[in-house]
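The values are calculated or read from the model by the stated rules, or taken from the named source; none is laboratory data. Note that the structure is a prediction, hence the values are computed from the model and not measured. Here the Cβ positions follow ideal geometry from the backbone for every residue, glycine too, while neighbour counts run over all protein chains shown.
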Amino acid sequence: MNIQKIQHYKSNFDLIVKTVRDDDGQDMEVWYARELQQVLGYSRWENFVTAIGRAMQSCKTFGVSIDDHFREVTKMVQLGSGSQREVQDFMLTRYACYLIAQNGDPKKEEVAFAQSYFAVQTRKTELIEERMRQISRMESRERLRASEKQLSKNIYQRGVDDRGFGRIRSKGDQALFGGLTTEQMKQRLGINSGALADFLPTLTIAAKNLATEMTNHNVEQKDLQGEMSITAEHVQNNRSVRGMLGQRGIKPEELPPAEDIKKVERKMAKDQKQLQEKSKRLPKDNKNNDN
């Protein structure tokens, strides 16, 4: 997601924040579900209520009081005839909005943005953008884990053991990184322990994943058997991906390393815990409380 889209979404989310007084008489930010529904790209309330329900269940699972963060309210809406009627709505804390985004449709750009917008307890665009980059890298790494797991399963069914899988993957790395082996790449990037992919930038992780998915596809479609034929397939796919990158002036072995993905994952988990602990609770009596 480019910076222009991030700024656009940020403006939309900033416009719907409301301020109420908490039980200590201090200002706190709240959001209303009907307005959040619109900026998250949901056209039907019924679908959005499902996401709210999942968020409430997550809140309960984490041992947090639902009533502190979700409050059902009613609002008046104008009908076409000019009359009004009451509809269901919810007053939400920042933590509630974060959980809704976590349980929303991940294919929606607005939902992906909201996960960072509500997690970062500041409105600074650059911090939201950085968190979104971290999430994108984590998601890319998870896709690579899944595709490599599938490759391991595919080749095991075709007579290749775990050691063979390691050799196949290593040969693929060598093809992708211009002749450098996995160990040589780790030395080049200053990696003392851990998997090479955990220290690669998002682009390189995505490249490895594409080559692995291509190998999975052809192993299954062509029913390749044995280590030799599968190795040849995997090497060719990594060479093809390297060639594609090379056409755009990119050499994967020259890209700088990124932060250990495991550290990023731990930081994300810590941020979520802090959001849970620091998020203000809804006031006990919210009548005539919103500005």
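Among the residues of segment 141-151, those identified as farther than 17 Å from G226 by Cα and surrounded by fewer than 18 Cβ atoms within 10 Å (Cβ to Cβ) are E142, R143, R145, A146, K149. Under the condition of being in contact with a helix residue (DSSP H, G or I) (Cβ under 8 Å, 6 or more places away or on another chain), part of a loop (DSSP other than H, G, I, E, B) and exposed (fewer than 13 other Cβ atoms within 10 Å of the Cβ), the residues counted in segment 66-97 number 0.
Within the set R85, R94, R145, R123, the sole residue that is farther than 20 Å from Y42 by Cβ and at pLDDT 90 or above turns out to be R145. At least 1 residues being in contact with a His (Cβ under 7 Å, 6 or more places away or on another chain) is the threshold, and among the helices (runs of 4 or more DSSP H) wholly inside segment 98-196 those reaching it are 162-176. For segment 197-208, the condition of being under 19 Å from V241 (Cβ atoms), of a type in the set (D, E, K, R) and not in a loop (DSSP other than H, G, I, E, B) holds for at least one residue. Checked against the criterion of being free of Cβ contacts under 8 Å to residues at least 40 places away in the same chain and within 15 Å of K208 (Cβ to Cβ), the candidates F165, F177 yield just one match: F165. Report yes if K60 is of a type outside the set (S, T, Y), free of Cβ contacts under 8 Å to residues at least 40 places away in the same chain and over 28 Å from K124 (Cα atoms), otherwise no. For K60, the condition - of a type outside the set (S, T, Y), free of Cβ contacts under 8 Å to residues at least 40 places away in the same chain and over 28 Å from K124 (Cα atoms) - is met. Scanning segment 14-27 for any residue that is part of a helix (DSSP H, G or I), touching a residue at least 60 places away in the same chain (Cβ under 8 Å), within 22 Å of the chain's Cα centre (by Cα) and in the same structural domain as G104 (by TED's automatic domain parsing) turns up at least one such residue. Listed by first and then second residue, the pairs with beta-carbon distance under 9 Å, at least 6 apart or on different chains, first residue in segment 221-232 and loosely packed, with under 12 Cβ neighbours inside 10 Å, second basic (K, R), are D223/R158. I'd like to know if segment 270-285 contains one or more residues that are more than 20 Å from G166 (Cα to Cα), at pLDDT 95 or above and outside any loop (DSSP other than H, G, I, E, B). No, every residue in segment 270-285 fails to be more than 20 Å from G166 (Cα to Cα), at pLDDT 95 or above and outside any loop (DSSP other than H, G, I, E, B). Condition first: in a helix (DSSP H, G or I), of a type outside the set (A, V, I, L, M, F, W, C) and surrounded by 11 or more Cβ atoms within 10 Å (Cβ to Cβ). Now tell me which residues in segment 243-262 satisfy that. Matches in segment 243-262: G246, P252, E253, K262.
Checking A96, A175, A146 one by one, the residue that is small (G, A, S) and assigned by TED's automatic domain parsing to the domain that holds L36 is A96 and no other.
Out of N103, N154, N209, N192, one residue alone is surrounded by 21 or more Cβ atoms within 10 Å (Cβ to Cβ) and not hydrophobic (A, V, I, L, M, F, W, C). It is N209. In this entry, Q274 passes the filter for residues that are in the same structural domain as M28 (by TED's automatic domain parsing) and either hydrophobic (A, V, I, L, M, F, W, C) or surrounded by fewer than 16 Cβ atoms within 10 Å (Cβ to Cβ) (or both).
Kindly establish whether R131 is closer than 30 Å to V17 by Cβ and modelled with pLDDT under 90. No; evaluated as a whole, the condition is false for this residue. The residue of segment 34-57 that is nearest to the chain's Cα centre (by Cα), among those that are hydroxyl-bearing (S, T, Y) and surrounded by fewer than 17 Cβ atoms within 10 Å (Cβ to Cβ), is T50. Scanning segment 231-258 for residues that are in contact with a Ser or Thr (Cβ under 7 Å, 6 or more places away or on another chain) and within 14 Å of T215 (Cα to Cα) gives E233, H234, N237.
Could you check Y9 against (1) hydroxyl-bearing (S, T, Y); (2) without any contact (Cβ under 8 Å) to a residue 60 or more places away in the chain; (3) more than 17 Å from S279 (Cβ to Cβ) and say which number it fails? It is condition (2) that Y9 fails.
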